[in-house]
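Working notes, structure below.
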Amino acid sequence: MKKYIYTALLTLGTWMFCSCDNIFKEEPVDKLTEESIWESDILLDEYSLAWYNNMSKGWKNLMSSSMLFRNLSYGNPVWYGDQVTYSHSNWSRTGVGYFIAGNESTIELYARKEWAAYYEQIQSINRLLENAGKIKNEEEKERLLGEAHFFRGYYYYMLLRHFGAPMLIDHLFDPLNDNEKFPRSSYEEMTNFIADEAQQAADRLPVKYDSRNEGRVTKGAALMLKAKIYFWVGSPAFQNKDKELFGFTNDRSKQYMQQAMDAYDQLIDLKQYRLTPIPDKSQQGIAEDYDRIFTTRNGEESILEYEHSADGIIDDLGHTLDEDAISPYFGGIRCAYCPTQNHVDEYGMQAGTTYDPQHPYENRDYRFYANILYDGSQYKGHAMDIHYTIKGGKEVAGVDLTKYGTIRTNPFTRTGYYMRKFLDPSTTLFGDEKYGSKQNYIIWRYAEVLLDYAEAAYRCGKTDIALKMINLIRERVHMPTYSSITLEQILNERRVEMAFEETTYWDFFRLGTTYEKLNGETNPLKMIKIVEKEDGSKTYTISEIAKQETERVFLENENYYPIPWSEIEYHGIEQNPGWTRQE
């Protein structure tokens, strides 16, 4: 998809801020008129790009510990879960660190920003839909209408996940001049609305674009959204609720899980996506082929991606994933994505092998070698040295356990692992602040279709279908197939296949396990310490990371963000449970 044209966006932004009649009675001659937007293909293209830019950016993050900028921090939701953690000690004092620690004022600030960002996009979409009749180019109009309906459904889906049933605003209104107020909707109303928006988008959008428009939402993305809303609301956490703001007053799980499968059947029938095949059967070959799924832009498995800069220019939607994740041996000074022992324990064993605690990294699920850099593994021609060696009676740290440079706060992994998944060994690191990483951020891919389908089928009593879907995932990476299936196996396969992807975080919410899994006391993150003794043997000691009780705090009211108090007062709507106004 075409990059942002910043001057046009600035001009467009000026128009958007200057279009309220009660503020400017006469239209400035040097600003764009509203009518000019609908008449220009170029300006319409720029207008819709804001909808894309507010999707989850994934690898873009800001982690500031200064008092001035701390609450501007933002990061990848994977840090909020239990599969990966950051190792930089200063990051516990950023907004992200405070969020994970359950600081209510930080959560309220983040909630206000999210609420405003989503409704700003919905207002923009409503404006376009109201003016659709003025768009002259019929082909352009059909695509824009498809994108508009997709993104209106998408942003309401995001609101539903974050806040429970929000206010449903399906038309343009002026809060400065209109006295219109909106009630909160219900889970059922939002489900129907989002699914209908997704279907309207699917009816208008093409199955595939040419290379010039690669990255735009397609019919497949729209059908994925339709399936995802049914899958979300059909999950256990939203059944038999007291209020329709937070689910259904009865059990609707089987109904919606069946509708999710029906929507996925529509997507599968497009025959546009498939699991990227891995023909190599060697351990190294499987890992290398699996890795490429996540560094290939808009590959055959991808359904929707956030488009980062193709040349890695930081100021042009590039990012710093490789630099953030890499070990000190390569000059890493953040060590921001360190897999936990909790996650390593989720990987099973290859066919015909059993776990050996003295050789814990041998014969593991082939995806382990693609996803994790562990002691002794190879990366960019370097054997990872993540153990201590006894020399002269003292422990000497390996080079990947030794901080880079002289700055006191520079970290190394605090879990005993570094992340491998998503990294691109060809990325040139450091020495040039202009360039960084260029991997796209995958929002949805075909493997998630099969995993969702498997769980939905299982919850509908169709275990044979669930088994088939899970075995497709396992066969792709040459893991032994199952002869029967349990829900626990489905969920674990999901955790391994979707490792470090946002899905693993949001699953806690839909499964109703947030309090159990996101609290340091009930689910402490674990690390491993490896020590090589003088006789060459090694000890592997697993322990809990320190300070979990204060670093990871999740309270029941955090299942839903607080709605901004200004909205509560103006619209006279109900606040989410457990949130009180702070003076």
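The values are calculated or read from the model by the stated rules, or taken from the named source; none is laboratory data. None of these values were measured; they are calculated from a predicted model. In this analysis, Cβ positions are derived from the backbone assuming ideal geometry, glycine residues included, and neighbour counts consider all displayed protein chains. Just the protein is used for accessible areas: all its heavy atoms, side chains included, with ligands, DNA and RNA removed. Shrake-Rupley method; radii C 1.70, N 1.55, O 1.52, S 1.80 Å.
Relative to the globular-protein estimate of 2.2 N^0.38 Å, the Cα radius of gyration of the stretch 199-354 stands at 1.37. Taking all protein chains as they are arranged and a probe of 1.4 Å, the heavy atoms of residue 41 leave approximately 70 Å² accessible to solvent.
Binning all Cα-Cα separations of the chain at 20 Å, short to long from zero, yields these whole-percent fractions: 19, 54, 25, 2, 0.
Taking one quarter of the surface of the C-alpha convex hull of the stretch 181-247 gives a mean projected area of 6.0 nm². With a simple spin-label model that places each label point 7 Å from the Cα along the Cα-to-Cβ direction, the separation between residue 391 and residue 249 comes to 7.2 nm. Using the Cα gyration tensor of the stretch 310-398, with a ≥ b ≥ c the square roots of its eigenvalues, what is the shape: rounded (a/c below 1.5), prolate (a/b larger than b/c) or oblate (neither)? The shape class here is oblate.
Mind running the shape call on the stretch 301-342? Use the C-alpha gyration tensor, a ≥ b ≥ c as the square roots of the eigenvalues: rounded below 1.5 for a/c, prolate if a/b tops b/c, oblate otherwise. Oblate, since a/c reaches 1.5 and b/c is not below a/b. Rolled with a 1.4 Å probe across the full set of protein chains, the surface gives residue 74 an accessible area near 100 Å².
Amide hydrogen proximity for residue 85: with H placed 1.01 Å from N in the peptide plane, the residues at 5 or more positions away or on another chain lying under 5 Å are 338, 340. An ellipsoid equivalent to the stretch 70-147, defined through the eigenvalues of its Cα gyration tensor, has semi-axes of 40, 15, 9 Å when rounded to whole angstrom and sorted largest first. Are there DSSP H segments in the chain that both extend 30 Å or more along their axis (alpha-carbon positions) and score a mean Kyte-Doolittle hydropathy of at least 1.0? List them, or say none. Helices meeting the criterion: none. Sorted on the mean count of surrounding Cβ atoms within 10 Å across their residues, most packed first, peptides 147-155, 132-140 read 147-155, 132-140. Rounded to whole numbers, the Karplus 3J(HN,Hα) couplings from phi for the stretch 437-442 are 9, 10, 4, 5, 9, 7 Hz, using 6.51 cos²θ - 1.76 cosθ + 1.60 with θ = phi - 60°, and x at Gly and Pro.
Packing order of peptides 452-459, 534-541, 238-245, highest average first: 452-459, 238-245, 534-541 (average count of other Cβ atoms within 10 Å over each peptide's residues). Annotation: aspartates and glutamates with alpha-carbon distance below 14 angstrom to residue 529 (same-chain offsets under eight excluded): 375, 385, 395, 400, 544.
When the Kirkwood hydrodynamic radius is evaluated over all pairs of different C-alpha atoms of the stretch 404-532, what value in angstrom, to one decimal, is obtained? If you can, show how the numbers build up before the last one.
On the way: mean 1/r = 0.0554 Å⁻¹.
The Cα-based Kirkwood calculation yields 18.0 Å.
The mean sequence distance of close C-alpha pairs (under 8 Å, at least 6 residues apart), as a share of the length of the stretch 524-583, puts its relative contact order at 24 percent.
The alpha-carbon of residue 547 sits under 16 angstrom from the alpha-carbons of these aspartates and glutamates, leaving out residues fewer than 8 places away in its chain: 82, 521. Taking a threshold of 31 Å on the Cα-Cα distance, which of the pairs 60/403; 113/271; 60/391; 391/434; 208/380 fall above it? Exceeds cut-off: 113/271; 60/391; 391/434; 208/380. The antiparallel fraction among DSSP beta bridges confined to the chain stands at about 95%. Selection among 560, 223, 481 by position relative to the dipole of the chain gives 481 as farthest towards the positive end (Cβ unit charges, Cα centre). Find how much the distance from residue 571 to residue 351 grows on full extension, using 0.36 nm per residue of separation minus their present alpha carbon separation; answer in nm with one decimal. This chain segment gains 73.3 nm when fully extended.
Where Lys and Arg each count +1 and Asp and Glu each count -1, what net charge lies around residue 503 among other residues with Cβ under 13 Å from its Cβ?
Result for the neighbourhood of residue 503: -2.
Could you give the length gained by full extension between residue 543 and residue 140, i.e. 0.36 nm per residue of separation minus their alpha carbon distance, to one decimal place?
On the way: separation 403, 0.36 × 403 = 145.08 nm, distance 5.79 nm.
Net length gain for the segment: 139.3 nm.
Using +1 at the Cβ of each Lys and Arg and -1 at the Cβ of each Asp and Glu in the chain, identify which of 354, 40, 176 lies farthest towards the dipole's positive end. Most positive-ward Cα: 354.
Once the piece of chain linking residue 207 and residue 429 is laid out straight, how much longer is it, given 0.36 nm per residue of separation minus the C-alpha distance between them? Could the numbers behind the result be given before it?
On the way: separation 222, 0.36 × 222 = 79.92 nm, distance 3.70 nm.
Full extension of this stretch gives 76.2 nm more.
Listed by chain and number, the aspartates and glutamates whose C-alpha is less than 14 Å from the C-alpha of residue 228, apart from same-chain residues fewer than 8 away, are 196, 197, 262, 265, 448, 452, 455, 502, 507. In a simple Cβ point-charge model (Lys, Arg +1; Asp, Glu -1; nothing else charged), the chain has a dipole of about 1300 debye relative to its Cα centre.
I need the peptides 362-371, 334-343 ranked by packing, meaning the mean over residues of other C-beta atoms within 10 angstrom, with the highest value on top.
Numbers: 362-371: 21.5, 334-343: 23.9.
Those peptides, ordered most packed to least, come out 334-343, 362-371.
Backbone amide hydrogens, once placed in the peptide plane, bring residue 319 within less than 5 Å of 436, 437, excluding anything fewer than 5 places away on its chain. Cα extents for the stretch 114-232 along the principal axes, largest to smallest and rounded to whole angstrom: 42, 36, 22. Label the stretch 126-178 by shape, choosing from rounded, prolate and oblate, from the square roots a ≥ b ≥ c of the eigenvalues of the Cα gyration tensor; if a/c is under 1.5 it is rounded, and otherwise prolate applies when a/b is larger than b/c, oblate when it is not. Judged from the Cα gyration tensor, the stretch 126-178 comes out oblate (a/c at least 1.5, b/c at or above a/b). Which of 469, 506, 388 sits farthest toward the positive end of the charge dipole of the stretch 387-506, with +1 on the Cβ of Lys and Arg and -1 on the Cβ of Asp and Glu? Of 469, 506, 388, it is 388.
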